[in-house]
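Read the structure below first, then the notes.
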Amino acid sequence: MRTHTSDRNRPDRSAETPAHIVAALADHDAAYRNAADLPHTTDAERATRADRLALVVARRAAWWGVLSTWTYLHSDKGAVYGRAAMIARAAEWDRARFWRDTAADWRARAERRPTSDAAGALSNWHELGVSA
């Protein structure tokens, strides 16, 4: 006996987030934890760690962008979820910029060069005898 399932009784799989996007975001969450666990006792180690964190966060931002685009194109909830993904992407870009700037400041400290004015507590100008 053959039975037919009408389209309205089938689950709509087109609105499910593709597994590769979910997996990529999870992979980058794990990569972030691994980067955060890198040694950071010296200025050079802190710079290396911050560089790695910046890279991982920038890649994660890109995947949030992929999710945003997919959501707008394939989901009936695109206006809500797509916007949320865009906000997540923007937040990750800001975090990536923070880690890049932090890496540059730690690298400057390691090389005994003045750090940026924005370094705040990391600023080493007084140690180097440099005035603003």
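Where a number appears in this text, it was derived from the coordinates with a stated rule and is not lab data. The structure displayed is predicted, hence computed values, not measured ones. As a convention, Cβ positions derive from the backbone with ideal geometry for all residues, glycine included, and neighbour counts pool all protein chains shown.
Pulled fully out, how much extra length does the chain show between L55 and I87, if you take 0.36 nm times their separation in residues and subtract their Cα-Cα distance?
Additional length available on full extension: 9.6 nm.
Rg and Dmax in Å for the stretch 54-110, alpha carbons only: what are they?
That works out to 14.5, 51 Å for Rg and Dmax.
What is the gain in length, in nm to one decimal, between E16 and T41 on full extension, counting 0.36 nm per residue of separation less the C-alpha to C-alpha distance?
That works out to 4.6 nm of additional length.
Just the Cα atoms of the stretch 9-85: what Rg and Dmax do they give in Å?
For the stretch 9-85, the Cα-based Rg and Dmax read 16.6, 61 Å.
Between H74 and N34, with labels modelled 7 Å along Cα→Cβ, what's the label distance in nm to one decimal, could you check?
2.6 nm
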